[in-house]
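Taken together, the values in this text are just the output of simple stated rules run on the coordinates, not laboratory data. Because the structure is predicted, anything quoted here is derived from the model rather than measured. Cβ placement follows ideal geometry from the backbone for every residue including glycine, while neighbour counts extend to all protein chains displayed.
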Amino acid sequence: MSHSRNQKWREIGVLISLIGLGLIMVSPLIWTVMLSLKSNGELLRSTTNAFHPPYTGENYAAIMANSGVFRWLLNSALVSSLQTVGVLILSSLAGYGFARLEFPYRNQLFLIVLFGLAIPEQAVIITRHQMFADLHLHNTYPGLILPGLAAPFGVFLMTQYFRAIPKELDEAAMLDNASRFKIFWKVLLPLTLPAQATLGIFTFLASWNDYWWPLISATRADMFTLTVGIASSQINFAQTSGLGYLMTQAVFASLPILIVYIIFQKYIVRAVAGAAVR
Amino acid sequence: MSALDIRNVTKAYGPTTVLDDISLTAESNEFIAFLGPSGCGKTTLLRMIAGLETVDSGQIHIGGQRIDELAPGERGVAIVFQHYALYPHMTIRENMAFGLKNIKTSKTEIDARIGEAARILEIEAFLDKKPGQLSGGQKQRVAIGRAIVKKPDIFLFDEPLSNLDAALRMRTRLELAQLRRRLKATMILVTHDQVEAMTLADRIVVIHGRKIQQVGTPMEIYGRPANRFVASFVGSPPMNFLPVTISGAKAVATLSDGTALTTDIANLPESASWELGLRPEHVRVSDTGVSAKVEFVERLGERTLIYARLSDGTAITAEDVGLSRLTMGDEVHLSIDAQAAHLFDADGRGYHAETA
Ligand SMILES: Nc1ncnc2c1ncn2[C@@H]1O[C@H](COP(=O)(O)OP(=O)(O)OP(=O)(O)O)[C@@H](O)[C@H]1O
Ligand SMILES: [Mg+2]
């Protein structure tokens with residue numbers, strides 16, 4: 001009896017602390033949304049009046065009126081989704097290769113992939129910039145997308161995942177007259193879906209939020225991604241007259257990510273908990 | 001023309017030879033068991049037949065056609081893997097259909113074959129479930145079903161029962177025997193369980209130490225083991241081996257304590273030493289006979305196993321009735337049925353009575 005009552009109290013305690021923590025986490029976001037709904041003039045006097053009406057949609061209207069924003073949104077969507085698709089395809093193929101094929105210097109190559117995990121972007125960015133300049137790839141979509149396709153983590157993850165699938169499945173499929181491609185496509189790949197989801201979500205989020213490389217590579221406003229574009233427009237409005245506008249931009253930029261989170265919530269939780277890798 | 005013909009096949013992994021110059025034929029509709037201790041190469045031999053392992057030298061023929069260089073799918077064999085290897089993301093129906101679709105079997109034919117296999121194996125109820133929703137025994141049936149629908153010339157089973165619990169194993173064994181009668185196909189079963197091999201197989205191939213030790217019917221393997229290894233490996237509890245000296249034409253074997261036993265074995269060659277092989281059921285506790293001291297008693301219900309030592313210290317296993325009153329330390333007499341004895345020469349080769 002007392003045992004189960006104890007447990008109940010413990011559960012209630014856990015619940016209360018979780019709610020508390022959750023509130024702390026979302027409060028800046030709620031604050032942001034509220035500020036975005038106030039007129040800039042009002043906020044200039046005081047930010048505390050964000051707690052009561054009148055609210056206005058004028059900042060949102062202003063963003064819509066800025067012709068650049070939709071172009072940047074499109075650029076971000078294009079870069080992020082192509083990068084995600086590319087990383088998934090390349091990592092799956094490479095992972096299958098490392099896990100299932102015999103070829104010379106396989107282990108050495110895999111070691112190089114592992115080294116790739118340890119090398120920070122900062123270490124290569126100057127040479128990469130130089131290389132892309134020489135290839136005249138700056139201010140192009142390939143310029144924005146290509147660097148993200150080198151995904152050592154993806155290759156590593158998929159290799160481990162393919163390795164964990166019993167070889168007997170390949171063998172059963174071989175006896176079932178399946179070609180090598182069919183075994184990859186119909187038997188093994190479907191089994192890696194949890195890993196694909198994890199990798200896809202992380203890649204998409206990282207790509208969407210990336211600021212540094214697009215900032216370096218895209219110097220023309222029409223090639224900005226959303227992060228770079230918004231940052232660039234802040235120079236004109238921020239702090240002085242446009243706190244509400246600034247907050248509206250932040251909301252606008254996070255909406256797509258929020259949608260991704262809501263759709264893939266289950267997978268994200270699993271991915272973060274590390275349960276996706278059996 | 002034999003269904004399966006293995007000719008001088010050798011297999012090595014790196015420097016270690018696993019199978020050395022193996023030759024074997026199986027007739028059509030025959031049920032063959034590969035029996036041997038763990039690591040003797042049973043699975044390797046099976047996988048070479050299936051094409052999942054290359055053959056270092058030698059040839060394998062199925063139905064008169066050389067197949068050891070064909071792709072696994074083109075050999076007319078189906079394998080039931082030890083861990084089933086069902087495709088986890090496909091339904092049971094899709095699992096069974098996969099191989100047929102790959103060779104462009106017509107939809108109606110696929111449905112008909114799956115329907116029949118499902119009926120035989122009583123798996124109709126879960127055709128639309130995924131493997132993860134089935135129990136081990138049910139998965140086992142599905143794995144067999146996936147083999148059946150392909151109508152192979154040869155079925156290959158790698159320890160199909162080893163993942164099942166004792167009761168289910170016995171039931172599945174019976175079902176395999178029935179299935180075998182119904183399918184009329186050549187079957188090869190890999191096992192290290194002698195009961196499985198004895199009860200299911202027409203012929204047993206005992207493999208050990210890179211070589212085939214003996215090929216024979218279960219009764220030949222049990223009653224006329226070719227050598228000391230086969231004699232000791234088959235039978236539970238294992239055969240007793242007693243050092244003896246030999247004299248006479250119908251060999252008289254003399255134990256170390258002087259007891260002379262007249263066997264039915266004739267025409268023995270010269271050998272530096274001899275061992276008498278006696279199965280425990282031929283050594284019975286009685287009022288007369290060799291005296292021994294009981295070391296351990298194992299009551300199995302219908303019979304009792306007595307682990308004892310002869311006066312010179314040789315260990316011997318004997319049988320007594322189920323209600324045996326013997327306990328540790330008792331002095332007993334053992335009557336030995338010398339007619340049923342085997343003799344093994346210094347090289348381990350076995351000699352048996354003509355009639356046995
Ligand atoms: N891919 C491999 N590489 C190296 N050695 C191997 C390989 N496969 C098997 N062996 C070795 O070959 C020998 C025979 O293996 P095999 O699997 O055929 O034995 P088995 O008779 O089936 O044993 P068990 O009853 O344990 O399944 C073993 O000593 C094993 O270590
Ligand atoms: Mg094996």
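Return one quarter of the surface area of the convex hull spanned by the alpha-carbon atoms of the protein assembly as shown, equal to its mean projected area, in nm².
So the mean shadow area of the Cα hull is 45.8 nm².
Beyond 14 Å, what share of the Cα-Cα pairs of region B:163-220 remains, rounded to the nearest whole percent?
So the pairs more than 14 Å apart make up 60 percent of the total in region B:163-220.
Only residues of region A:76-97 count here: report those whose backbone N is under 14 Å from the spot 7 Å along Cα→Cβ of A:ARG163, or say none.
Counting only backbone N, you get A:95-97.
Take the alpha carbon atoms of region B:100-122, find their center, do the same for region B:161-207, and report the distance between the two centers in whole angstrom.
Between the Cα centre of region B:100-122 and that of region B:161-207, the gap is 24 Å.
If you consider only alpha-carbon coordinates, what radius of gyration and Dmax does chain B have, in Å?
24.2, 76
In debye, nearest 20: dipole of the protein assembly as shown around its Cα centre with unit charges on the Cβ of K, R (+) and D, E (-)?
So the dipole magnitude of the protein assembly as shown works out to roughly 2460 debye.
Go through region A:95-100 residue by residue and turn each phi into a ³J(HN,Hα) via Karplus (6.51, -1.76, 1.60, θ = phi - 60°); whole Hz please, and just put x for glycine and proline.
Working through the residues one at a time gives x, 4, x, 5, 7, 10 Hz.
Express the relative contact order of region B:4-232 as a whole percentage, based on alpha carbon pairs under 8 Å and six or more residues apart in sequence.
28
Evaluate the distance, in nm, between pseudo-label points positioned 7 Å from the Cα of A:THR219 and of B:LYS184 along their respective Cα→Cβ axes.
Placing both labels 7 Å along Cα→Cβ, they lie 8.4 nm apart.
Enumerate lysine pairs in chain A that are 8 or more residues apart or on different chains, then count those whose Cα atoms are under 30 Å apart.
Lysine pairs satisfying the spacing and distance rule in chain A number 6.
Partner chain Cβ atoms within 10 Å, averaged over the residues of B:71-78 - can you pull that number for me?
3
Using only the Cα atoms of region B:1-131, what do you get for the radius of gyration and for Dmax, in Å?
In Å, with Rg to one decimal and Dmax whole: 17.3, 50.
Average partner chain C-beta neighbours within 10 Å, per residue of B:257-264?
0
What is the spread of the Cα atoms of region B:162-298 along each of their three principal axes, largest first, in whole Å?
Taking the Cα atoms of region B:162-298, the three principal extents are 54, 37, 25 Å.
Taking the number of other C-beta atoms within 10 Å as the exposure measure, put A:MET34, A:MET247, A:MET131, B:MET198 in order starting with the fewest.
Final ranking by Cβ density, sparse to dense: A:MET131, A:MET34, B:MET198, A:MET247.
So how strong a dipole does chain A carry about its Cα centre when Lys and Arg Cβ are +1 and Asp and Glu Cβ are -1, to the nearest 20 debye?
620
Using the Cα atoms of region B:239-351, I'd like the radius of gyration and the largest Cα-Cα distance, Dmax, both in angstrom.
Final numbers for Rg and Dmax: 14.3, 44 Å.
Using 0.36 nm per residue, how much length does the chain from B:GLU270 to B:THR10 gain when fully extended, once their Cα-Cα distance is taken away?
90.3 nm
Specify which residue in the list B:HIS208, B:ILE110, B:ALA85 is farthest towards the positive end of the charge dipole of the protein assembly as shown, using unit charges on the beta carbon of Lys, Arg (+1) and Asp, Glu (-1), about the Cα centre.
The one lying farthest along the dipole's positive direction is B:ILE110.
Provide the FRET efficiency to the nearest 0.05 for the B:ASP20-A:LYS182 pair, computing r from the beta carbons and using R0 = 35 Å.
Calculated value: 0.45.
Just A:GLY116, A:GLY41, A:GLY154 to compare: in a GNM of chain A, with alpha carbon springs under 10 Å, which one fluctuates most?
It is A:GLY41.
Peptides A:226-233, B:209-216: what's the order by average Cβ count within 10 Å, highest mean first?
Averaged packing, sorted descending, gives the order A:226-233, B:209-216.
Binning at 10 Å from 0, report for region A:54-132 what percent of all alpha-carbon pair distances ends up in each bin.
13, 23, 29, 17, 11, 6, 1
Could you calculate, for region B:85-199, the ratio of the Cα radius of gyration to the Kirkwood radius, expressed as Rg to Rh?
Ratio of gyration radius to Kirkwood radius for region B:85-199: 0.96.
Calculate the dipole size of chain B relative to its Cα centre from +1 charges on Lys and Arg beta carbons and -1 charges on Asp and Glu beta carbons; express the result in debye to the nearest 20.
That gives chain B a dipole magnitude of about 1620 debye.
Which Cα, out of B:GLY223, A:LEU43, B:LEU343, lies furthest along the positive dipole direction of the protein assembly as shown (beta carbon charges, K/R +1, D/E -1)?
A:LEU43
Of all alpha-carbon pairs in chain A, indicate the percentage at a distance above 23 angstrom.
In whole percent, the share of Cα-Cα pairs in chain A beyond 23 Å is 66.
Going by average Cβ neighbours within 10 Å, how do the peptides B:223-229, A:102-108 rank, with the highest at the top?
B:223-229, A:102-108
Can you list the lysines whose alpha carbon is less than 20 Å from that of B:LYS151, not counting same-chain residues fewer than 8 positions off?
Reachable lysines: B:LYS101, B:LYS104, B:LYS107, B:LYS139, B:LYS184.
Take every residue in peptide B:80-89, count the Cβ atoms of other chains within 10 Å of its Cβ, and give the average of those counts.
Taking all residues of B:80-89 together, the mean is 5.
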